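Worksheet: one structure, shown below.
The values are calculated or read from the model by the stated rules, or taken from the named source; none is laboratory data. This is a predicted model, so every value here is computed, not measured. Cβ sites come from the backbone with ideal geometry, for glycine too, and all protein chains shown count toward neighbours.
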Amino acid sequence: MSYQVSPIGYVRSCFKEKFAIPRQPHLAPAAQGVLELCAPFDGGDAVQGLEQVSHVWLLFLFHQALEDKPRLKVRPPRLGGNRSIGVFATRATHRPNGIGQSVVRLDRVESGRLWLSGIDLLDGTPVLDVKPYVPYADSVADAHNHIAAAAPVRIDVLWQDSALESARAHALRLGEPLVELIEQCLAQDPRPAYQQPTPERRYGARLWDVDVQWHYPQPGCIRVLDVTLP
């Protein structure tokens, strides 16, 4: 028996490409976006009462990672990208049905829109459902995960003076915490774990409408080089 599901809305996110998105929610509190609800959920009735909730579960589709053939094993970045384990032991994007879930902060509720932060969703992500986070039921005091026992270690993020000046100017233009967003995302070290970059190699990602470029001047350290409009 097969089932069909339809999105209830789409996320408009600060993340315009997959690279540099935090691998879990809440690792970048400055990461913001809006869930724009589709009819018939956009009239206000479906979100009535949600203003009493601080966080919500989002069930969504990894729409740029959908695959015809399911993967039984994956190589999670947390294990260095070179060790395979069962897909159900990970939160990898390569899911049997392409379904992801994230707990995100609900900053504001409007008719047809939910304003979110601490997100880890790509711009345009289809959302299948929204459920309120219930602290007494959803937070398990004695839970453990020996694969990911603690948050990843952050690396230092330094700035070229001109890049920081540019980021601050774009932050004012956008009305968004762009400097914090860049620092929080890059502190997660978004490069593939198996790569050992040289100082000459540049990396880049688009956040909101600006292109951010950085390099690794030494191990365990990132320097932001440029923040420019494309």
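Annotation note: Cβ proximity below 6 Å between a residue of region 31-49 that is in contact (Cβ under 8 Å) with a residue 24 or more places away in the chain and a residue that is outside any strand (DSSP E or B) and surrounded by fewer than 19 Cβ atoms within 10 Å (Cβ to Cβ) (sequence gap 6+ or interchain) occurs for LEU37/GLY112; ASP42/GLY112; GLY44/SER111. Filtering HIS146, HIS94 for residues that are surrounded by 12 or more Cβ atoms within 10 Å (Cβ to Cβ) and closer than 28 Å to PRO190 by Cα leaves a single hit, HIS94. Checked against (1) surrounded by fewer than 16 Cβ atoms within 10 Å (Cβ to Cβ); (2) under 14 Å from the mean Cα position of the chain (by Cα), CYS38 passes all but a single condition, namely (2).
Within region 149-170, residues that are surrounded by 14 or more Cβ atoms within 10 Å (Cβ to Cβ) reach partners that are among the hydroxyl-bearing types (Ser, Thr, Tyr) with beta carbons closer than 9 Å, at six or more positions or on different chains, in the pairs ILE155/TYR216; ALA163/THR228; SER166/THR228; HIS170/THR228. Within region 172-189, is there a residue that is farther than 12 Å from ILE21 by Cα, touching a His at 6+ places or on another chain (Cβ under 7 Å) and not assigned by TED's automatic domain parsing to the domain that holds PHE19? For region 172-189, residues farther than 12 Å from ILE21 by Cα, touching a His at 6+ places or on another chain (Cβ under 7 Å) and not assigned by TED's automatic domain parsing to the domain that holds PHE19: present. Taken over region 131-169, the criterion of being in a helix (DSSP H, G or I) and under 21 Å from the mean Cα position of the chain (by Cα) is satisfied by ASP138, ALA167. Counting only residues that are assigned to a strand (DSSP E or B), under 29 Å from GLY9 (Cα atoms) and of a type outside the set (Ser, Thr, Tyr), region 75-112 holds 11 of them.
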